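First up is the structure itself, then whatever we jot down about it.
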Amino acid sequence: MTSTLIVEKKKYTYEDYLKIPDDKWYELINGELLMTPSPVPKQQLVSSELYSRLKDFVLRNDLGKTLYAPCDVYFDEENVVHPDIFFISKNRLNIIGQKNIQGAPDIVIEILSEYSVYRDMVQKKRLYARFGVREYWIVIPEEKEIEVHILKECIYPLHATYSKTDTLESPSLKGLKIELKDIF
């Protein structure tokens with residue numbers, strides 16, 4: 001006779017999430033509380049360079065706001081994440097609340113680390129598509145590549161893959177050109 005042990009995972013809410021001490025980063029994906037390790041220096045360097053170029057372009061053209069982690073992006077009671085970098089267009093700045101971003105940014109950029117591959121390429125990709133993030137970039141530092149995905153009918157087909165020798169152009173931010181040799 002065999003017996004099976006069934007273990008139910010606790011579903012967490014935004015209220016539970018707010019009670020977590022500030023000394024560690026957590027994200028809430030489909031009610032699952034997930035710890036996020038601090039970025040490694042290589043990831044941080046790529047993030048810094050990419051954020052700087054995106055922010056400069058957005059400011060120069062008065063297009064909206066560019067933010068970075070840690071900043072809560074609240075989708076609903078069971079989904080709160082910290083994208084590495086994100087952009088909110090000028091006509092949608094009302095989603096910037098006192099304590100969090102309340103809704104989908106226009107562009108989200110995640111920078112892969114050895115700990116975040118599944119979360120960024122599967123879990124968050126599904127989550128961002130579900131909540132309507134129009135453009136999703138996945139930065140792969142080890143490969144020196146950036147994948148740009150554009151939302152179409154609740155999924156993210158690959159729009160383009162840019163390598164270290166390419167110039168990245170965003171379909172959502174017309175005129176944005178980022179030389180990836182300067183990022184990697």
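The values are calculated or read from the model by the stated rules, or taken from the named source; none is laboratory data. Everything quoted here is computed from the prediction, not taken from an experiment. Heads up, the Cβs are rebuilt from the backbone with ideal geometry, glycines too, and the neighbour counts pull from every protein chain shown.
Structure data summary
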read-out: Residues (under 15 Å from the mean Cα position of the chain (by Cα), in a strand (DSSP E or B) and among the aliphatic types (A, V, I, L, M)) located in segment 88-145; value: Ile88, Ile101, Ile107, Val108, Ile109, Ile111, Ile138, Val139, Ile140
read-out: Residue list for segment 19-55, filter: of a type in the set (D, E, K, R), touching a Ser or Thr at 6+ places or on another chain (Cβ under 9 Å) and modelled with pLDDT of 95 or more; value: Lys55
read-out: Segment 62-87 - residue that is of a type in the set (D, E, K, R) and in a loop (DSSP other than H, G, I, E, B) and, of those, surrounded by the fewest Cβ atoms within 10 Å (Cβ to Cβ); value: Asp62
read-out: Residue that is surrounded by the fewest Cβ atoms within 10 Å (Cβ to Cβ), among those in segment 118-165 that are of a type in the set (A, V, I, L, M) and closer than 21 Å to Ser48 by Cβ; value: Ile140
read-out: Qualifying positions in segment 86-139 - among the charged types (D, E, K, R), closer than 21 Å to Asn61 by Cα and touching a residue at least 60 places away in the same chain (Cβ under 8 Å); value: Asp106
read-out: Residue list for segment 141-174, restricted to those being among the β-branched types (Val, Ile, Thr) and in contact with a helix residue (DSSP H, G or I) (Cβ under 9 Å, 6 or more places away or on another chain); value: Ile146, Ile155, Thr165, Thr167
